[in-house]
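Read the structure below first, then the notes.
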Amino acid sequence: MTLDEFKDILQKDEAFAREGLEAIFKELPDRPALVGKHEAKNWNHLREVMAEAEKTCPRAADTIYWLLWHDVLRKQRVKRMADDLYDPEADWK
């Protein structure tokens, strides 16, 4: 994999993520945010939110878990691509 191919993959991933956000949020809620950007990724906060979601909306809890897990998988994928940039003979494809 070349650096240009790597950059192209990352650019497509970003475009796909933005497309998803736009599909879900046609407009931002007309209210102040209840959770800030730093709090949202705080593990203690997430643990509390997951406990609340498990009690009140298990479907939301499953969705949050899925999103967090797939964030880990995306990071693994990027690391493997970076490894391939470093070692073009890497056999993970």
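The values are calculated or read from the model by the stated rules, or taken from the named source; none is laboratory data. This structure is a prediction, so every number in the text was calculated from the model and none was measured. As a convention, Cβ positions derive from the backbone with ideal geometry for all residues, glycine included, and neighbour counts pool all protein chains shown. Protein only, heavy atoms only, side chains kept; ligands, DNA and RNA dropped before computing areas. Shrake-Rupley method; radii C 1.70, N 1.55, O 1.52, S 1.80 Å.
Note on the stretch 34-68: residues that are aliphatic (A, V, I, L, M) and either outside any helix (DSSP H, G or I) or closer than 18 Å to Asp13 by Cα (or both) amount to 4. Here Asn42 meets the list (1) open to solvent by 100 Å² or more (accessible area, probe 1.4 Å); (2) modelled with pLDDT under 95 almost entirely, failing just condition (1). Being touching an Asp or Glu at 6+ places or on another chain (Cβ under 9 Å), modelled with pLDDT under 90 and surrounded by 12 or more Cβ atoms within 10 Å (Cβ to Cβ): is that true of Ala90 here? Yes.
Table: residues versus (1) touching a residue at least 60 places away in the same chain (Cβ under 8 Å); (2) of a type in the set (Gly, Ala, Ser); (3) surrounded by 10 or more Cβ atoms within 10 Å (Cβ to Cβ).
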site	(1), (2), (3)
Asp4	no, no, no
Ile9	yes, no, yes
Val49	no, no, yes
Val78	yes, no, yes
Met81	yes, no, yes
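Among the residues of this structure, Asp71 does not count as one that is at pLDDT below 95, surrounded by 12 or more Cβ atoms within 10 Å (Cβ to Cβ), of a type in the set (D, E, K, R) and not in a loop (DSSP other than H, G, I, E, B).
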